[in-house]
Amino acid sequence: MEVQETRVQTDRVLTIPNILSALRLVGVPVFFWLVMRPVFGGPQADGWALLILALSGVSDYLDGKLARRWNQISRLGQLLDPAADRLYVLSTLLGLGFREVIPWWLVVVLLARDVMVGVTLPILRHHRYGPLQVNFLGKAATFSLMYAFPLLLLGDLGGHVATLATIFGWAFAWWGTGLYWWAGILYVVQVARLVRPARR
């Protein structure tokens, strides 16, 4: 499955899909602060953090669906949506890493994938292309990780439910990590195919 550049359908900024994406971005620092409170000696607020993460997942689904249904795919939306995805993954990784819920090697593995994809952005810009639209595989990877992180966070609370959450959380984490790298490699391959004719 290839990564494609989706056609921009509108230049409007104030659309419902863009507003949903912007709200997701606003939620990132709030979520990170809630997750990090125990690190700084504050009381746990994992319930609120999980709620924000769940709402971000719902808005992620809605903004893409509504943009396609209402013909409101915009360049701003194409930038906000993946930016929000990556920032939630980054903030969750760092938060769970500092909380010692996940090992730091997993943080490095996932961040290395983002660095690999990020290197292609100046290459695309040099050839007058914008960021490519993430395909279904990339979305599936992000969804798997966004299922894994709340479950692992829930598993940090202790008890029988927490044990079950940890098992399923790590299953989603392994599956999501594999898909995340697979989608990243496909993205790099697509970029290479796109810029190769220009080099010739």
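The values are calculated or read from the model by the stated rules, or taken from the named source; none is laboratory data. Values in this document were obtained by computation on a predicted structure and should not be read as measured data. Note that each Cβ is placed from the backbone with ideal geometry, even for glycine, and that neighbours are counted across all protein chains shown. Side chains included, ligands, DNA and RNA excluded: accessible areas come from the protein's heavy atoms. Shrake-Rupley method; radii C 1.70, N 1.55, O 1.52, S 1.80 Å.
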Any chance V101 is open to solvent by 60 Å² or more (accessible area, probe 1.4 Å) and within 28 Å of R37 (Cβ to Cβ): no
Residue check for Q78: part of a helix (DSSP H, G or I), polar (S, T, N, Q) and surrounded by 17 or more Cβ atoms within 10 Å (Cβ to Cβ): yes
Scope the range 154-186; condition within 16 Å of F136 (Cα to Cα) and at pLDDT below 90; matching residues: none
Boolean, M116 is at pLDDT 85 or above and under 19 Å from K139 (Cβ atoms): yes
Residues of the range 23-35 satisfying the condition of being open to solvent by less than 40 Å² (accessible area, probe 1.4 Å), touching a residue at least 40 places away in the same chain (Cβ under 8 Å) and of a type in the set (A, V, I, L, M, F, W, C): V28, F31, V35
Residues of the range 115-138 that turn out to be under 14 Å from the mean Cα position of the chain (by Cα), open to solvent by less than 50 Å² (accessible area, probe 1.4 Å) and touching a residue at least 40 places away in the same chain (Cβ under 8 Å), as a count: 5
Residue check for R125: among the basic types (K, R) and under 28 Å from R37 (Cβ atoms): no
Candidates A49, A67, A84, A112, filtered to the one that is surrounded by 15 or more Cβ atoms within 10 Å (Cβ to Cβ) and either farther than 15 Å from L20 by Cα or more than 19 Å from the chain's Cα centre (by Cα) (or both): A49
Top-ranked residue in the range 45-78 [being in contact with a Ser or Thr (Cβ under 9 Å, 6 or more places away or on another chain), of a type in the set (A, V, I, L, M) and free of Cβ contacts under 8 Å to residues at least 60 places away in the same chain; ranked as nearest to D114 (Cα to Cα)]: A67
Unmet requirement for Y147, which otherwise passes all of (1) without any contact (Cβ under 8 Å) to a residue 40 or more places away in the chain; (2) open to solvent by 70 Å² or more (accessible area, probe 1.4 Å); (3) closer than 19 Å to R75 by Cβ: (3)
